[in-house]
Every structure is written in structure tokens, then in C-alpha cells.
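Here is the structure we will look at, set down as C-alpha cells.
No value in this document is a laboratory result; all are computed from the given coordinates. All figures in this text were calculated on a predicted structure; none of them were measured in a lab. When we count neighbours, we look across all protein chains shown, and the Cβ atoms used for this are built from the backbone with ideal geometry, even at glycine.
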Amino acid sequence: LKEKHKILHRLLQDSTSVDL
Amino acid sequence: PEAADLRTLARHMFESYCKYFPITKAKARAIMTGKAGDKSPFVIYDMSSLKAGEECITFRQQASVPPHGTAVEIRIFQRCQFRSVEAVREITEFAKSIPGFVSLDLNDQVTLLKYGVHEVIFTMLASLMNKDGLLIAAGQGFMTREFIKSLREPFCHMLEPKFGFAVKFNSLGLDDGDIAVFIAIVILSGDRPGLVNVKPIEDLQDSLLQALALQLKLNHPDSPHLFAKLLQKMTDLRQIVTEHVQLLHTIRKTEGEMNLHPLLQEIYKDLY
């Protein structure tokens with residue numbers, strides 16, 4: 001599931017590193 | 001758990017809520033009633049006030065919004081999208097602060113957010129709404145319900161169900177401390193499709209439910225049925241999200257040039 005939700009997954013890991 | 005532990009849990013959720021969400025219900029209500037001490041929000045009620053509002057309100061997402069020549073409906077829709085994406089980030093941080101959440105199976109964390117974020121967004125949107133309109137741009141503006149209803153199809157239907165929900169939800173008279181625990185409960189719903197390990201989710205939700213029951217008992221001693229009424233709202237929220245997803249399908253079919261943000265695409269795909 002996390003493969004299909006890469007951005008959500010990255011937000012869960014470290015939201016500060018995600019450029020939305 | 002002991003009452004003291006439940007109070008600590010409720011307080012912790014309230015502190016996270018204040019930390020991660022930019023505007024509280026208390027602040028929104030103060031702005032809407034002119035008691036915030038700031039200048040009053042700019043009221044957008046027709047096309048010309050919208051144009052004037054776009055000049056004087058400082059929007060955070062200038063770069064990603066279509067230029068002025070683009071239809072009003074598309075510009076408003078894109079601003080809503082941008083705000084939703086920001087809200088997903090905020091809700092994710094809030095979820096991670098719920099004791100035990102980050103220890104759950106990672107796939108289940110994804111599932112809980114996928115299904116929970118829009119229910120949380122529409123719960124918190126109620127804080128920014130009254131029967132006549134909603135606060136926008138962190139309280140700098142107030143867009144009237146009638147103006148939104150006057151937009152062309154299908155955009156005129158975008159917020160009307162949320163106003164209907166908001167008016168009923170706001171009549172419960174919850175404060176930010178109550179809402180903080182409620183949205184944590186919404187996130188930790190053990191019946192989301194595809195969950196791998198339901199038991200720890202239900203255990204966490206159970207503690208939060210006990211914390212909410214105690215919070216409401218202490219905070220609203222004259223409303224003995226408030227806990228039951230609030231839990232019923234979870235059904236309404238699911239209905240609103242289902243309708244919202246259907247509307248988005250319509251918009252994507254009829255509006256060729258409409259781009260959906262990749263994060264929202266992920267969330268909406270195979271949702272309902």
C-alpha cells in the first residue's frame with residue numbers, strides 16, 4: 001500500500017523533507 | 001485508564017492541535033465576531049469583491065494558482081486544493097503525535113490517513129464556517145455561502161454539503177479541546193478498508209474515546225448526550241467525503257484542464 005501512496009508515506013517518515 | 005491519565009491524553013491532543021493547526025476555532029470565532037482585535041476579514045460576496053479581495057488578501061500559494069485570466073471557479077478550486085494539501089501535511093503531523101500511532105504497522109498508518117484526512121478536514125472546516133459563509137486565507141477573508149452557490153455547475157455544489165454539516169456540528173458547541181480529541185478518534189478508526197492489524201488501532205481509539213467522554217462530561221456538564229451525538233457525526237462525515245469524491249469525479253470528467261495535486265490523487269484513488 002505504501003508503494004501506491006509514496007507522498008503520504010514520505011510525509012509519515014519526515015514531512016519537513018517533502019516539497020508539496 | 002485512570003481519570004488523570006485520560007486528562008493527560010486529552011491535554012496532549014489539544015497541545016498537538018494548537019501546535020500543528022494554524023487557526024483554532026476560538027480564533028476563527030473571534031475573527032468572525034469582530035473580537036479578535038485584528039482588522040475585520042475582507043468580505044467576498046460577488047465577482048467584483050472577489051477581484052478586490054484577490055488584490056488585498058495575501059495568499060500563501062501565489063505560484064501554484066492559475067493566472068487572472070483563468071475562470072473564477074478554477075482559481076477558487078485550485079486554492080481549495082492547495083489548502084487541502086497543506087492540511088494533509090498538518091493532519092499527518094497531528095496523527096504522528098497521537099500516542100502509539102507511529103508504532104502501528106506503516107501500511108496501516110497510510111490507510112488511516114488516506115481514509116481519515118478528509119473527515120478531519122471537513123470537521124475542522126466547520127470551525128471556519130457559519131451559516132452565511134467561511135473564513136479563508138487564515139482569517140483574512142470571508143467568502144459568503146451565497147457567492148459560492150452562485151458559481152457555475154458543478155462548483156456551486158462544492159461546499160454546500162459542508163455548510164449543512166457545519167451548522168449542525170457547530171450547534172453542539174464544542175471547543176478546541178473537544179475537537180482535538182474527536183479528530184484523533186476519527187483518524188484511529190479500526191474499520192477502514194484494508195487495515196492489516198486492527199486490534200492496536202482499536203485499543204488506541206478506545207483510550208481516546210474514554211478521554212473524550214471524560215472531557216465532555218467535565219467541559220459540558222449540562223449536555224449529558226453530547227458524547228453520543230458527537231459519535232453520530234462520524235457517520236455524517238463519511239457521507240460528506242463520499243459525496244465530495246463523487247463531485248471530484250464529475251469535475252475531472254467535465255473540466256478537461258483541471259489538474260489534481262499528486263498527493264490528492266493518491267488519496268482519492270480507490271478511496272470509495
How would you rank B:173-179, B:230-236, B:249-255, highest first, on the average number of other Cβ atoms within 10 Å across their residues? B:173-179, B:230-236, B:249-255
From the gyration tensor of the Cα coordinates in the range B:16-124, what semi-axes in whole Å does the equivalent ellipsoid have, largest first, with each one equal to sqrt(5λ)? 31, 20, 10
Take the alpha-carbon centre of the range B:178-239, take the same for the range B:65-135, and report the distance between them in whole Å. 19 Å
Compute the Rg to Rh ratio over chain B from the alpha carbon atoms, using the Kirkwood formula for Rh, and round to two decimal places. 0.96
Report Rg (one decimal) and Dmax (nearest whole number) for the protein assembly as shown, counting Cα atoms only, units Å. 19.0, 60
Please give the FRET efficiency for B:Asp206 paired with B:Cys18, using the beta carbon to beta carbon distance and R0 = 30 Å, rounded to the nearest 0.05. 0.75
Pop a pseudo-label 7 angstrom from the Cα along the beta-carbon direction at both B:Glu243 and B:Val167 and give the gap in nm to one decimal. 1.2 nm
In square nanometres, what is the average projected area of the Cα convex hull of the range B:107-219? 8.5 nm²
Viscosity 0.692 mPa s, 37 °C: Kirkwood-radius Stokes-Einstein D of the range B:214-257 over Cα pairs, µm²/s: 252 µm²/s
Length released on extending from B:Val43 to B:Ala228, taking residue separation times 0.36 nm less the Cα-Cα span: 63.0 nm
Let me see the pair-distance distribution of the range B:64-125: every alpha carbon pair, 5 Å bin width, integer percents in order. 4, 16, 22, 18, 14, 10, 8, 5, 3, 1
By per-residue mean of other Cβ atoms within 10 Å, what is the highest-first order of B:6-19, B:191-204? B:6-19, B:191-204
Computed on Cα atoms only, the convex hull of the range B:154-272 has an orientation-averaged projected area in nm² of 8.7 nm²
Enumerate the helices in chain B for which the Kyte-Doolittle hydropathy averages 0.5 or more and the C-alpha atoms extend at least 27 Å along the helix's axis, using complete DSSP H runs. B:106-127
Per residue, the convex hull enclosing the Cα atoms of the range B:40-186 spans a volume in Å³ of 127 Å³
